[in-house]
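The values are calculated or read from the model by the stated rules, or taken from the named source; none is laboratory data. Fair warning: this is a prediction, and the values are worked out from it, not measured in the lab. As a convention, Cβ positions derive from the backbone with ideal geometry for all residues, glycine included, and neighbour counts pool all protein chains shown.
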Amino acid sequence: MKRARLVRFIGLWVALLVSSSASAETLYRTIDARGHVFFTDDPSRGGEPVEFAPISVVPSLPPSPTLTRAAPDRDGTPPPTYEAFAIASPGDETTLPTGAAGDVRVHLELRPALREGHRLRLLLDGEIARPASREPLIELTNLARGEHRLRAELLDGRGQVLRRTPAVTLHVQRASVNLPQNPQPPDSRGQADH
C-alpha cells in the first residue's frame with residue numbers, strides 16, 4: 001500500500017515539475033481526512049500554495065575514452081588498429097581455489113600481433129602489477145585473499161595508452177588459521193587424497 005502511494009506521489013511529482021516548468025502555474029498541497037497528501041493546480045480545492053525552486057540543468061561531461069588515439073609514426077603511416085584486445089584467461093568472476101596459493105597466469109588476446117615498439121601492461125586493482133613488456137602471458141603470484149580486478153593496457157612506443165581491456169573480476173581463496181577446514185573445490189580435494 002505504501003509502495004503504491006509512493007509510486008503515485010513520485011509520478012505526480014514528476015508531472016508537476018514538468019507542468020510547472022512548462023507553465024508558471026501555482027500548485028496547491030492538500031491533505032485529506034486520512035492524511036493522504038495531494039497536489040493540484042485547482043485553487044478551489046483549498047490547500048496551501050507550494051513554491052518549487054527552479055530546476056538546475058548541468059551539462060554532462062564528455063565520456064572519457066578508453067581508446068586513446070596514437071600519433072602517426074615518423075614516416076607518416078597511421079597507427080595500427082587492433083581487432084581484439086582482451087584478457088582471454090582467467091575469465092570474469094573466476095575463483096582461484098585455496099590450492100592455487102594465489103598464483104594465476106593471465107593470458108592476453110591480441111589480434112593482429114603486437115606491433116614493434118608496442119608493449120603490454122597489467123593492472124591489478126588499479127595498480128601496475130608488472131612492468132610493461134611484449135609478452136601476452138603474465139604470471140601473478142601470491143595474491144591476497146579476496147576479490148581483485150584485472151585490466152590490461154596496450155601501450156605505444158612513448159608509453160601512451162592505446163587501448164584498455166574490460167576489467168575482469170578474480171576471487172582468491174586462501175587458507176586461514178580462523179578456518180582450518182577451508183572448503184576446497186571437489187576436484188582439488190580428490191587430488192589431494194591421492
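Condition test on ILE128, is it in a strand (DSSP E or B), touching a residue at least 60 places away in the same chain (Cβ under 8 Å) and β-branched (Val, Ile, Thr)?
Values: in a strand (DSSP E or B): yes; touching a residue at least 60 places away in the same chain (Cβ under 8 Å): no; β-branched (Val, Ile, Thr): yes.
For ILE128, the condition - in a strand (DSSP E or B), touching a residue at least 60 places away in the same chain (Cβ under 8 Å) and β-branched (Val, Ile, Thr) - is not met.
Selection of first residues in the stretch 155-168 that are within 19 Å of GLU127 (Cβ to Cβ) and not assigned by TED's automatic domain parsing to the domain that holds GLU127 and of second residues that are surrounded by fewer than 17 Cβ atoms within 10 Å (Cβ to Cβ) and at pLDDT below 90, restricted to Cβ pairs under 6 Å at least 6 apart or on distinct chains, gives an empty result.
Among the residues of the stretch 131-142, write down those that are assigned to a strand (DSSP E or B) and more than 22 Å from PRO166 (Cβ to Cβ).
Matches in the stretch 131-142: PRO131 only.
Within the stretch 89-125, being part of a strand (DSSP E or B) and either at positive phi or touching an Asp or Glu at 6+ places or on another chain (Cβ under 6 Å) (or both) holds for ARG105, ARG111, ARG121.
Considering each residue of the stretch 114-128 in turn, none proves to be exposed (fewer than 12 other Cβ atoms within 10 Å of the Cβ) and basic (Lys, Arg). Of the residues making up the stretch 49-86, just one is surrounded by 10 or more Cβ atoms within 10 Å (Cβ to Cβ), at pLDDT 80 or above and more than 25 Å from the chain's Cα centre (by Cα), namely VAL50.
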